[in-house]
């Protein structure tokens, strides 16, 4: 009697795998396609194997479902399945040889018969090592034997030298964890020593923007998604023990890690948080972040973003998990992608509010973000508000000061200044103060770079010492002091890291080294950062912002997935074409495609007018009058300039012409040097 089609599929695949893998499966493609009534071209398959599992990409979703629903295979990542022990046993079942070519049958005794549970319905995966899609590894001691499920897998040794120079081992562990590739960790250091908190007190400019508290990451990556099999013990999944403290019942014999009241069997997932289908796991799923928060809420089945999004936007919003870089040119829907991603995590996937945070560059952007998400009220902050919250928690009596008080305190620590009309002798010192902190530069080097700030290095130290003594903080100190406090206090750092497990960062291209350092510290140990920005739109380069942080995102957040928004939905084609042509001349940038989403608009939508260097204000008045005479509303006209000071002449000219406007420049601009 012939086998049912799905059993034939498994038998053919498994026989091919046993007889040579990639080559034989390629030869069997026509036979397999005939069994499924599809073309051989549709059955594109790629085989790879290791001693524990065999993976193959399957383009036919129907066959994948048949195999996984009956326990013959498991999902290990989108589009990739792994044959289970039950599937392997199917090769030796009576009658299977009639469904495949006899010459492909492997030598040796036939495997054990298939349990009835696998033939009549889905059977759960064994509790150790769990479903392959979870990617669990194991920790053993230096001389321990590797338990059978993990034999032949890559090994990563963690020894005493790695505690002092951890970069290479941390990078390997991180990539294995973020990609859910099981590994064997040979732990040659005491577990408590590995987890011992560490503090850092050197000046921030010595650490640099790329610094990260590596001990936090090393301990996390060793234990987050691994069984403990040291000293020959039975592999122990400690997250099941932790879940039992909150009411779960451990089930070491299966069918999963624990049994949840009113739910049933459940796996406790220690990998990077991402949507996994309980139907493919044979049990419910609880992520360790939920357990850490004291809950046993199960993850919902995967569902797509609910918003009506363009294809490129939807791909970014639906990103599975781990770090991601989203290149978002002007008009491509950057804010919409960020807010819908926030909604997708909190509402669709059920992530805890307390571990998801969206960071905006300024208060206006944060308020807009909060307005768009008012129906579910997620956590949104500016970087400086976040820094201030950290400072206030650690040093609750600290008071924030404004510009006038900053000038007063700094002036006391600078050498005597030469005061002349129409100049601000303190201005260069204020600029240097910002540069030293935002750009994480040694104050001595900053002083050497200018002949206008003699004595600045000493003034920098004395100024900050007075701030600490009087429990004060200025604008930049909110982030600078926050970084210092986080590195000095491990418990404070771990508390805020738990509140920032999933960071969404707007305008990533405008991060200065200081602000990037704060993001790096808080994103540890998982580095789950969803960075949105455009390297062609760096506005704050004068404060140290560097587009290379966005360009080299994967170097800062290993294993990152990249997405590109390509359609400008805001501007007419003429403007989009001109902007793309101009930006193409930037030397430091990500190569990108920018297309106009609108089809309307005249070729004259963009016009370039030249004027004398002293005639900018008059030229603006002429252009604005023409638009007003053509029926444009004043509120629909904007005047832009490279810096605020350049808006002074147009603003005065428009006011003198009696044209209503919203002033962009205040009177204090006249106190600035060079204005």
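The values are calculated or read from the model by the stated rules, or taken from the named source; none is laboratory data. Every value quoted in this text rests on a predicted model; they were computed, and no experiment measured them. So basically every Cβ, Gly included, is an ideal-geometry build from the backbone, and we count neighbours across all protein chains shown.
Residue 401 falls short on exactly one of the conditions (1) closer than 30 Å to residue 466 by Cβ; (2) touching a helix residue (DSSP H, G or I) at 6+ places or on another chain (Cβ under 7 Å); (3) touching a residue at least 24 places away in the same chain (Cβ under 8 Å), and that condition is (2).
Taking the criterion of being free of Cβ contacts under 8 Å to residues at least 40 places away in the same chain and in contact with a strand residue (DSSP E or B) (Cβ under 7 Å, 6 or more places away or on another chain), the only residue of region 216-236 that qualifies is 236.
What residue, among those in region 249-270 that are part of a loop (DSSP other than H, G, I, E, B) and surrounded by fewer than 23 Cβ atoms within 10 Å (Cβ to Cβ), is farthest from the chain's Cα centre (by Cα)? Within region 249-270, the match that is farthest from the chain's Cα centre (by Cα) is 253. Going residue by residue through region 330-337, is there one that turns out to be buried (at least 24 other Cβ atoms within 10 Å of the Cβ), under 30 Å from residue 525 (Cβ atoms) and modelled with pLDDT of 95 or more? Taking every residue of region 330-337 in turn, at least one turns out to be buried (at least 24 other Cβ atoms within 10 Å of the Cβ), under 30 Å from residue 525 (Cβ atoms) and modelled with pLDDT of 95 or more. Across region 311-326, a minimum of one residue is classified as over 17 Å from the mean Cα position of the chain (by Cα) and closer than 25 Å to residue 559 by Cβ.
Might you let me know whether region 357-374 holds any residue that is closer than 27 Å to residue 335 by Cβ, touching a helix residue (DSSP H, G or I) at 6+ places or on another chain (Cβ under 8 Å) and in a loop (DSSP other than H, G, I, E, B)? The answer is yes, given that some residue of region 357-374 is closer than 27 Å to residue 335 by Cβ, touching a helix residue (DSSP H, G or I) at 6+ places or on another chain (Cβ under 8 Å) and in a loop (DSSP other than H, G, I, E, B). Residue selection: residue 590 satisfies the criterion of being in contact (Cβ under 8 Å) with a residue 12 or more places away in the chain, touching a strand residue (DSSP E or B) at 6+ places or on another chain (Cβ under 7 Å), under 30 Å from residue 209 (Cβ atoms) and outside the structural domain of residue 175 (by TED's automatic domain parsing). Candidates are the residues of region 179-204 that are in a helix (DSSP H, G or I) and more than 25 Å from the chain's Cα centre (by Cα); the one that is nearest to residue 508 (Cα to Cα) is 194.
Residue 265 - would you say it is closer than 18 Å to residue 292 by Cβ, modelled with pLDDT of 95 or more and not assigned by TED's automatic domain parsing to the domain that holds residue 486? So residue 265 fails the test. Screening region 449-465 for residues that are at pLDDT 95 or above and touching a helix residue (DSSP H, G or I) at 6+ places or on another chain (Cβ under 6 Å) and picking the one that is nearest to residue 400 (Cα to Cα) gives 463.
Of the residues making up region 278-308, those that are in a helix (DSSP H, G or I), out of contact with any strand residue (DSSP E or B) (no Cβ under 8 Å at 6 or more places or on another chain) and crowded, with 18+ Cβ neighbours inside 10 Å are 289, 290.
Selection within region 593-621: residues that are in a helix (DSSP H, G or I) and touching a residue at least 12 places away in the same chain (Cβ under 8 Å). The member of this set that is nearest to the chain's Cα centre (by Cα) is 605. So in region 151-192, with the set limited to residues that are free of Cβ contacts under 8 Å to residues at least 24 places away in the same chain and farther than 20 Å from residue 225 by Cα, which one is surrounded by the fewest Cβ atoms within 10 Å (Cβ to Cβ)? The extreme case among them is 164. Quick check on residue 390: is it surrounded by 20 or more Cβ atoms within 10 Å (Cβ to Cβ), closer than 30 Å to residue 351 by Cβ, modelled with pLDDT of 95 or more and not assigned by TED's automatic domain parsing to the domain that holds residue 209? Considered against the rule, which asks whether it is surrounded by 20 or more Cβ atoms within 10 Å (Cβ to Cβ), closer than 30 Å to residue 351 by Cβ, modelled with pLDDT of 95 or more and not assigned by TED's automatic domain parsing to the domain that holds residue 209, residue 390 comes out as yes.
Taken over region 576-619, the criterion of being buried (at least 16 other Cβ atoms within 10 Å of the Cβ) and under 29 Å from residue 553 (Cα atoms) is satisfied by 576, 577, 579, 580, 583, 589, 590, 592, 594, 596, 597. Figure legend. Inter-residue proximity from region 118-147: first residues over 23 Å from residue 258 (Cα atoms), second residues surrounded by 17 or more Cβ atoms within 10 Å (Cβ to Cβ) and at pLDDT below 70, beta-carbon distance below 8 Å, spacing 6+ or different chains. Indicated pairs: 119/70. Scanning region 432-453 for residues that are assigned to a loop (DSSP other than H, G, I, E, B) and without any contact (Cβ under 8 Å) to a residue 24 or more places away in the chain yields 449, 450, 451. Would you check if there is a residue in region 193-215 being buried (at least 19 other Cβ atoms within 10 Å of the Cβ), closer than 29 Å to residue 141 by Cα and free of Cβ contacts under 8 Å to residues at least 40 places away in the same chain? No, region 193-215 contains no residue that is buried (at least 19 other Cβ atoms within 10 Å of the Cβ), closer than 29 Å to residue 141 by Cα and free of Cβ contacts under 8 Å to residues at least 40 places away in the same chain.
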